[in-house]
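Let me begin by presenting the structure, written as structure tokens, before commenting on it.
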Amino acid sequence: MADLSINFAGIKSPNPFWLASAPPTNTGYQVMKAFDAGWGGAVWKTLAVPVINTASRYGSVNYKDKRMIGFNNIELISDRPVADNLREIEEVKKRFPEHAMIVSLMFQTKEEWHQMVRDAENAGADGLELNFGCPHGMCERGMGSAVGQEPKVLQTIVEWVMEVAKVPVIVKLTPNITDITVPARAAKAGGANAISLINTIQSLVGVDIDNFVPYPIVDGKSTNGGYCGPAVKPVALNMVKNCAQIPGYDLPISGIGGIETWRDAVEFMLLGSSSVQVCTAVMHYGFGIIRELTAGLNNYLDEKGFKSVQEIVGKAVPNVQPWENLNLKYNIKAEIHEEKCIECQLCYTACEDGAHQAIGLRPDSRIPYIIKENCVGCNLCSLVCPSEGCITMERVDDGTEFLSWKQMVAAGDSPTDFNDPRAGGINHHYNDPDSALVKSKPLHYKSKETETVAEV
Ligand SMILES: Cc1cc2nc3c(=O)[nH]c(=O)nc-3n(C[C@H](O)[C@H](O)[C@H](O)COP(=O)(O)O)c2cc1C
Ligand code: SF4
Ligand code: SF4
């Protein structure tokens, strides 16, 4: 059994799964319940200045039969008295000394920051997370993402905190910025011990088209909120990777954004996260998901022969390259495994209308076939195919050649105009535009019986 414990910038945790600072970490009751269920750590709901929350405060994106694939909130930070929070943090820490207790903070003046750093440490915090990410409400008061978007201000506040902090300090970054590496560098310049990302993405999740108000609705009005949940995972993964690839960057990264399964967590780790944080999935399914998260991670590590979580951190980072370094000689083509085909013809429609007209239909069968000479290996058909493993992408080059755009340019061998035979699309098949108006049958059809191809 692999070792799931981590030491994140000096914060020890029995496993890498932490609750993100959010409603599930609002009270001692919840955090104790979570630790008891198996969560390794928790980032307490952000302590800050007094606030008032609205009703309602959440919106969601539902897709087909799946609810909350994206989640949106206009909630502010903790609205409970700071003294109550600190007392409960202390109680939880006493009952669970081995678990990671990180306290999230967001203040304005240097004096407030200093006071709260000391208070949180006195309550037993193992680490502090500075919330420079909240994209609504608090930014209008000069905090949250208003700080995260100003690298100089961010660095100054980190410096204030580092003047007094005795426990590791994590800076939580906002994704509402063009280049995430800029605040990541500022956090390091300010002396932070680690970074975490992403906080929520500024968003409107939808509009009530009968009453002309976006969601969530507060007495007939709305405001932009913060987007999270499974839908934001790709954005978060890319930003985590961007930080992990900063040359010489040695701050540990806590990955956040759309993590719901152990696979999601592993992906974040492979791209550079040493711990992961979860909010929406717990708000949706409860603390119990930790069983599947830890068991799944354990099995994965065992099956791959890894002894600890640390061994997989960043393993996929070198494989993310600038486009110009990819092998242009690598060639794949789609293949349909007829025995798995459910004859829906979604692949045909997708390739016919949305790709390269490389899938044909037969007059005597509903199973499509690949027109190999037209296929550019784009992958679309295998993505739309609802039958697992029915369309695979098969390598057709012999694997001996490597040529990247960068190499072509360096050798002075890149295409110079659109008629250049080295240009990408020059040898591809394109149907005659007029043939689009022939309605009676598909442009290509091949009889299963005779294997003869008819061009219309
Ligand atoms: C309702 C709600 C409240 C949140 N409150 C906070 C907060 O007080 N402090 C903070 O740093 N992040 C807060 N977040 C952001 C989460 O900690 C997390 O960064 C974000 O939701 C992405 O993770 P997820 O996709 O797992 O939800 C909140 C998120 C939600 C949904
Ligand atoms: S999408 Fe897949 S299952 Fe549907 S027709 Fe194409 S190959 Fe068959
Ligand atoms: S890989 Fe792309 S071009 Fe080839 S058949 Fe599929 S959709 Fe068409």
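No value in this document is a laboratory result; all are computed from the given coordinates. Here the structure is a predicted model, which means the values were calculated and not measured. Please note: Cβ atoms are built from the backbone with ideal geometry, for glycine as well, and neighbour counts cover all protein chains shown.
General observations
- Taken about its Cα centre, the chain carries a charge dipole of about 880 debye when Lys and Arg each add +1 at the Cβ and Asp and Glu each add -1 at the Cβ.
- Centre-to-centre, using Cα atoms only, region 31-91 and region 377-407 are separated by 43 Å.
- What you get for region 71-195, charging only the Cβ of Lys and Arg (+1) and of Asp and Glu (-1), is a dipole of about 260 debye around the Cα centre.
- Part-to-part distance (alpha-carbon centres) for region 229-273 and region 172-218, which is given in Å: 15 Å
- Estimated inter-spin distance, residue 346 and residue 383, nm [label 7 Å along Cα→Cβ]: 1.3 nm
- As a proxy for reagent exposure, ranking 92, 82 by other Cβ atoms within 10 Å from fewest up yields 82, 92.
- Extension gain from residue 431 to residue 315, taking 0.36 nm per residue of separation minus the Cα-Cα distance: 37.4 nm
- For the chain, leaving out every one of the GluC sites (Glu not before Pro) that falls in a DSSP loop and has at most 12 other Cβ atoms within 10 Å, the longest unbroken run is 99-342.
- Principal-axis tilt of helix 233-244 within the chain, Cα atoms, nearest 10 degrees: 70 degrees
- With the simple spin-label model, which puts each label point 7 Å out from Cα in the Cβ direction, the residue 295 to residue 326 separation comes to 3.8 nm.
- Tensor-based shape of region 227-307 (alpha-carbon gyration tensor, a/c under 1.5 rounded, otherwise prolate or oblate): oblate
- Cα-based shape type of region 1-140, given that a ≥ b ≥ c are square roots of the gyration tensor eigenvalues and the cut on a/c is 1.5: oblate
- Local electrostatic count at residue 95 - Lys and Arg +1, Asp and Glu -1, tallied over other residues with Cβ under 15 Å: -2
- Three-way shape call for the chain based on the alpha-carbon gyration tensor, with the a/c threshold at 1.5: prolate
- Percent of beta bridges antiparallel (DSSP, region 150-299, rounded to nearest 5): 40 percent
- Förster radius 25 Å - calculated FRET efficiency between residue 250 and residue 153, Cβ distance, rounded to 0.05: 0.60
- Normalised by the number of residues in the chain, the average gap of Cα pairs under 8 Å and 6 or more apart makes the relative contact order 13 percent.
- Percentage relative contact order, region 91-132, counting C-alpha pairs under 8 Å, at least six apart: 51 percent
- Violating pairs (Cα-Cα greater than 19 angstrom) within the set 241/307; 241/315; 241/333: 241/307; 241/333
- Residue order, fewest to most surrounding Cβ atoms within 10 angstrom, among 17, 402, 212, 35: 212, 402, 35, 17
- Here the relative contact order of region 79-195, from alpha carbon pairs under 8 Å that lie six or more residues apart, stands at 23 percent.
- Taken about its Cα centre, region 323-455 carries a charge dipole of roughly 180 debye when the Cβ of each Lys and Arg holds +1 and the Cβ of each Asp and Glu holds -1.
- Degrees, to the nearest 10: 28-37 long Cα axis against longest axis of the chain: 50 degrees
- Between 0 and 90 degrees, the angle of helix 82-95 with respect to the longest Cα principal axis of the chain falls at about 80 degrees.
- Fewest-first ordering of 178, 46, 349 by other beta carbons within 10 Å of each residue's beta carbon gives 178, 349, 46.
- Long-range amide H partners of residue 22 with built H, under 5 Å: 45, 46
- Within the straight-line cut-off of under 24 Å between alpha carbons, the lysines reachable from residue 110 are 45, 152, 166, 172, 188, sequence neighbours fewer than 8 places apart in one chain being disregarded.
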